[in-house]
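To keep things clear, I will list the structure first and then write my remarks on it.
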Amino acid sequence: MNLDDARTPNERAAQARVVVIGGGIAGLVAALECAKVGMRVTLVEASAVLGGTIRGAELAGHTLDVGTQGFQARDGMVRELVDELGLGDEVVAPLAGTAWVAGLPGGAVAPMPAGGVLGIPANPFAAEVMRVVGSGGSWRAYVDRIRPVLTIGREHNLGRLVRSRMGAKVLDRLVAPVTRGVYGVNPDDIDVDLAAPGLNTGLTRTGSLSGAVAQMQGDDEAREAHVMGIRGGMLRLVAALEARLADLSVDVRVGVAAAGLLAPARAGGMWQVELVAVAEDSDDADDDTVRAGEEVVPNAPLEALAPLDADFVIVAVPEVVARGLLADELALGNAEVEAGQGTAEATESPIEVVTLVLDAAALDAAPHGPEVFAVAGATRATALIHETAKWPWLAEQLAADVAHRHVVRVTFGMVGEAPATAGLDLAGATAMAVAEASTMLGVPLTTQQVVASDRAIFSQARPAATIGHREQSAAVRAALARTPGVIAVGAWLAGSGLAQVIPDARAQAETVRQAALWGGNDAV
């Protein structure tokens, strides 16, 4: 039976063939949504494991998250998926603790002031603010209170807004460490209205930026979303998704990459996905490269496989790979490009996360809290998470085996800034991470204290709050809409973070479901 000949939604669903390219969280969620209604789904993933940025490693006898380690609980949609997969009772909150900022003058490290919005303080003369920006920085920030409010338009550039209202020290020592550490971008790349809805309105209403922050502190919906995790690690979410897909008879193939797409006009009326097998070659590709994500790994031998026919194709790989597969469909017109609504080049950047398992009694007291951000240029790392100071379940798990054992994750690089670890082997990256951790945590640490380490490389997509991201994403999807039967999902379109990727993948998969059940394969 042809899909267009099926008479009922059930018949159409049973006949619809969907190929999902990419087994990261976006691809897994999109596959689940399609399989729920009975569509025949095949998912291919180039690497040997599923999960994408949710990644784990066996270190010192424990399976640890070395990628995404939590989710923002802003709108509840991630939690909805977690509950659906039976993990609701395993959701846990991190220990309360103050983040610190490293790289202050003289190499000082200090607590981040509490209650700010994106690092912007409500009270410039608070003792914890003055400790970071100095008395001169606090007096400059106070000018915000007496300076006239912007009367023409709104300032969308976070960097310009903070710089003009509160000065360079607040921007460089408070705001930039947060945006670099949390979002992976500089403040000048952040859209104020997307990152902190209500801040511009509060500025107009209260007459100052600090006043707007104080107002937002009393608005529960405007506060920064709280991070939640899963007891045992985020890897459990991937395992639950994989099990659910198996229950729904989804054909999941790892070590299989999409080498190309043929549109229906060139492939006999259906989409055709050309496939190759990717064999990890330990002699030619080191572990760091093999774990590099959802794309074909370098130095790996490829073997052509039989292509797959599909009524619908969901492309769920990182941007550079997706653009290669969708080159014809993403040929944006000159007017769109000139209008800044699209880009012909990928905007993702590699970041590296080095996870250290250490035996260090000096870390028992969590000297600098659960997280440390860094002033730009002052350290080689952009951020650090003391995992055993953040997640009680992890601290308990490790303490049950060995006293004074800790897990620390050090992040290098950000969007547009190459990681300092680039080009190093695992030993070199580990040594650099130990040195950075010692500086940022304020305790002497040595490589002799390292029990095990892991180095993971990710493609860092721009956050949804980046200036121009929304317009570029809309332009890409408008271009894809001109080619029925293919959609794209993932962080490069939704914005980085599970709270953006999961709802977007669900929404895009719903367009495929609607097309399959009601509108034919030319409706998406």
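Within the set Val512, Val524, the sole residue that is over 13 Å from the mean Cα position of the chain (by Cα) and either at pLDDT 95 or above or in a loop (DSSP other than H, G, I, E, B) (or both) turns out to be Val524. Taking each residue of the stretch 476-503 that is without any contact (Cβ under 8 Å) to a residue 60 or more places away in the chain and in a loop (DSSP other than H, G, I, E, B) and looking for partners that are surrounded by fewer than 22 Cβ atoms within 10 Å (Cβ to Cβ) and among the charged types (D, E, K, R) with beta-carbon atoms closer than 7 Å, six or more apart or interchain, yields Pro484/Asp522. In the stretch 39-59 there is at least one residue that is surrounded by fewer than 22 Cβ atoms within 10 Å (Cβ to Cβ), more than 24 Å from the chain's Cα centre (by Cα) and either modelled with pLDDT of 95 or more or farther than 23 Å from Gln500 by Cα (or both).
Scanning the stretch 399-421 for residues that are closer than 19 Å to Thr447 by Cα and either part of a helix (DSSP H, G or I) or not charged (D, E, K, R) (or both) returns Val402, Ala403, His404, His406, Val407, Val408, Val410, Thr411, Phe412, Ala420, Thr421. Within the stretch 402-441, the residues that satisfy the criterion of being over 22 Å from the mean Cα position of the chain (by Cα) and within 22 Å of Val92 (Cα to Cα) are Arg405, His406. For the stretch 360-375, give me each residue that is among the hydrophobic types (A, V, I, L, M, F, W, C) and more than 16 Å from Ala435 (Cα to Cα). Within the stretch 360-375, Ala361, Ala365, Ala366, Val375 qualify.
Check the stretch 451-462 and report whether any residue there is part of a strand (DSSP E or B), assigned by TED's automatic domain parsing to the domain that holds Leu64 and over 24 Å from the mean Cα position of the chain (by Cα). Yes, the stretch 451-462 contains at least one residue that is part of a strand (DSSP E or B), assigned by TED's automatic domain parsing to the domain that holds Leu64 and over 24 Å from the mean Cα position of the chain (by Cα). Scanning the stretch 478-499 for residues that are surrounded by fewer than 24 Cβ atoms within 10 Å (Cβ to Cβ) and closer than 23 Å to Gly184 by Cβ yields Gly495, Gly497, Ala499.
Taking the numbered list (1) exposed (fewer than 15 other Cβ atoms within 10 Å of the Cβ); (2) closer than 21 Å to Gly442 by Cα in turn, Glu84 passes all entries but (2).
Per the listing Ala114, Ala108, Ala127, Ala102, the residue uniquely buried (at least 23 other Cβ atoms within 10 Å of the Cβ) and closer than 30 Å to Ala378 by Cα is Ala102.
For the stretch 152-180, the tally of residues that are small (Gly, Ala, Ser) and surrounded by 24 or more Cβ atoms within 10 Å (Cβ to Cβ) stands at 1.
Put simply, of Phe373, Phe412 the only residue that is at pLDDT 95 or above, of a type in the set (Phe, Trp, Tyr) and in contact with a helix residue (DSSP H, G or I) (Cβ under 6 Å, 6 or more places away or on another chain) is Phe373.
Flag set for Leu394, criterion: touching a helix residue (DSSP H, G or I) at 6+ places or on another chain (Cβ under 7 Å), in a helix (DSSP H, G or I) and either buried (at least 23 other Cβ atoms within 10 Å of the Cβ) or not acidic (Asp, Glu) (or both). Can you find a residue that is of a type in the set (S, T, N, Q), surrounded by 23 or more Cβ atoms within 10 Å (Cβ to Cβ) and assigned to a helix (DSSP H, G or I) anywhere in the stretch 354-368? There is no residue in the stretch 354-368 that is of a type in the set (S, T, N, Q), surrounded by 23 or more Cβ atoms within 10 Å (Cβ to Cβ) and assigned to a helix (DSSP H, G or I).
The values are calculated or read from the model by the stated rules, or taken from the named source; none is laboratory data. Note that this is a predicted model, so its numbers are computed, not measured. Virtual Cβ from ideal backbone geometry, glycine too; neighbours counted across all protein chains shown.
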